[in-house]
Amino acid sequence: MMANNISDPTLSLIERLKKGNLEAFEKVVSQFQTRVYNLAFRILGNEMDAQEATQDVFLTVFANIHSFEGKSSFYCWLYRIAVNQSLMKKRKTEKGRIVEFYSSIEDFLPKFTEEGHHFFPIHDWSQKAEDVFLQKELLAKLDFFVDELPEIYRLAFHLIDIDGLSFEEAAEVLEISVAGVKSRLHRSRLFLREKLSAYLEGQ
Amino acid sequence: MTCKGLVADLADYLLGALSLMRKREIESHLRDCPECVALLNTYKVTSSLGQDIPTKRPSADFQAQLISSIAERIKQGAPTAFPSLSIRDEPSPTLQLLSKES
């Protein structure tokens, strides 16, 4: 489980990074490598590419730390590099073809009648999800379904509901508006809710 | 307030970001709509499960290998042979693509 409290390295640690201090760099890697790796894995989908991308991210941080001016938090800056590097690697691997499970998630969003009522019945499986024996499998399924989301929604869900960033932080990382983040997150949750519903109704 | 209207405002309702009037409209609707209650409960669970998804970890020797690469670069006295990314002033082209897709 990711800790939601992400603390920024201290100013003195950042200053030592800028001076090329290896011990300082080790501290930053130790603090953030798992988060960066998980983010890279979410974008790239396999261990080898995620590990390479993670290494590239920290090498980029090392090479560019002099340009970090402290206008944003360090970890937002780091996450932005991580997203950018991982997406570039993905584009290179796929040679420009973007391969996604679903190009559109509309089919998995709630449907309504002309009067605005639910078109299909909605079942409340929230209690079932608390069953400890079901938890491990449910989380594995959710993880899988997150990977089925189109990239823009997958990133929003990962950054906020998995990694615990705020809307403002996620907006900064993704370089979109807070409203854009909220919209993507909401749609991703509706998609995942629907996927979990279908899965649990089969249990 | 329709079910469709409630779903559109669901995220803001859970954040406490709606006006008092809108919040009351939603709560009034929830009192009479078991399907929206079901959707609300399952939406909340879906969101909260995210933080419990097991963490993936890089290999045990990853950190040591990375630090070793950096140490080598410091020894060589080069900033890095790795192509540096200008991320201060220029919006990244890849993220610009994502921005357009919002």
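Looking at the structure I just gave you, is B:L97 more than 7 Å from chain A (Cβ to nearest Cβ), assigned to a loop (DSSP other than H, G, I, E, B) and either modelled with pLDDT of 95 or more or under 26 Å from A:I176 (Cα atoms) (or both)?
Values: more than 7 Å from chain A (Cβ to nearest Cβ): yes; assigned to a loop (DSSP other than H, G, I, E, B): no; either modelled with pLDDT of 95 or more or under 26 Å from A:I176 (Cα atoms) (or both): yes.
When the stated conditions are applied, B:L97 does not pass them.
Somewhere in segment A:62-77, is a residue within 7 Å of another protein chain (Cβ to nearest Cβ), crowded, with 16+ Cβ neighbours inside 10 Å and within 20 Å of the chain's Cα centre (by Cα)?
No, there is no match, as no residue in segment A:62-77 is within 7 Å of another protein chain (Cβ to nearest Cβ), crowded, with 16+ Cβ neighbours inside 10 Å and within 20 Å of the chain's Cα centre (by Cα).
Specify the residue that is farthest from A:M48 (Cα to Cα); the eligible residues are those in segment B:55-68 that are part of a helix (DSSP H, G or I) and within 7 Å of chain A (Cβ to nearest Cβ). Let's see the steps before the verdict.
Residues of segment B:55-68 part of a helix (DSSP H, G or I): B:62-68.
Checking the rest, the ones that are also within 7 Å of chain A (Cβ to nearest Cβ) come to B:62-63, B:66-67.
Values: B:F62: 11, B:Q63: 15, B:L66: 14, B:I67: 18 Å.
Checked segment B:55-68; the qualifying residue farthest from A:M48 (Cα to Cα) is B:I67.
For A:E151, all conditions in the list (1) of a type outside the set (K, R); (2) over 11 Å from the mean Cα position of the chain (by Cα); (3) at pLDDT below 95 hold save one; what is the number of the exception?
A:E151 satisfies all of (1) of a type outside the set (K, R); (2) over 11 Å from the mean Cα position of the chain (by Cα); (3) at pLDDT below 95 except (2).
Taking the options A:F119, A:F145, name whichever one is farther than 30 Å from A:D8 by Cβ, modelled with pLDDT of 90 or more and surrounded by 21 or more Cβ atoms within 10 Å (Cβ to Cβ).
Of A:F119, A:F145, the one residue that is farther than 30 Å from A:D8 by Cβ, modelled with pLDDT of 90 or more and surrounded by 21 or more Cβ atoms within 10 Å (Cβ to Cβ) is A:F145.
Could we say that A:G164 is among the small types (G, A, S) and under 16 Å from B:S48 (Cβ atoms) here?
Details: among the small types (G, A, S): yes; under 16 Å from B:S48 (Cβ atoms): yes.
Answer is yes for this residue.
Name every residue in segment A:1-19 that is surrounded by fewer than 16 Cβ atoms within 10 Å (Cβ to Cβ) and either closer than 21 Å to B:G50 by Cβ or touching a Pro at 6+ places or on another chain (Cβ under 9 Å) (or both), in order of residue number.
First, the residues of segment A:1-19 that are surrounded by fewer than 16 Cβ atoms within 10 Å (Cβ to Cβ): A:1, A:3-5, A:7, A:10-12, A:15, A:18-19.
A:M1, A:A3, A:N4, A:N5, A:S7, listed by residue number.
Of A:L109, A:L139, which residue is in contact (Cβ under 8 Å) with a residue 40 or more places away in the chain and surrounded by fewer than 20 Cβ atoms within 10 Å (Cβ to Cβ)?
Values: A:L139 fails: in contact (Cβ under 8 Å) with a residue 40 or more places away in the chain.
So the residue among A:L109, A:L139 that is in contact (Cβ under 8 Å) with a residue 40 or more places away in the chain and surrounded by fewer than 20 Cβ atoms within 10 Å (Cβ to Cβ) is A:L109.
How many residues are of a type in the set (A, V, I, L, M), in a helix (DSSP H, G or I) and surrounded by 17 or more Cβ atoms within 10 Å (Cβ to Cβ) if we restrict to segment B:1-29?
Initially, segment B:1-29 is screened for residues of a type in the set (A, V, I, L, M), giving B:1, B:6-8, B:10-11, B:14-15, B:17-18, B:20-21, B:26.
If we keep only those that are in a helix (DSSP H, G or I) as well, we get B:6-8, B:10-11, B:14-15, B:20-21, B:26.
Retained after the next criterion (residues that are surrounded by 17 or more Cβ atoms within 10 Å (Cβ to Cβ)): B:6-7, B:10-11, B:26.
Summing the residues that are of a type in the set (A, V, I, L, M), in a helix (DSSP H, G or I) and surrounded by 17 or more Cβ atoms within 10 Å (Cβ to Cβ) in segment B:1-29 gives 5.
For segment B:19-39, which positions are under 28 Å from A:K136 (Cα atoms) and either in contact with a Ser or Thr (Cβ under 9 Å, 6 or more places away or on another chain) or away from chain A (no Cβ under 12 Å) (or both)?
Scanning segment B:19-39 gives a single hit, B:A38.
The values are calculated or read from the model by the stated rules, or taken from the named source; none is laboratory data. No experiment lies behind these values; they were computed from the predicted model shown. Don't worry about glycine lacking a Cβ; one is built from the backbone with ideal geometry, like all the others, and counts go over all protein chains shown.
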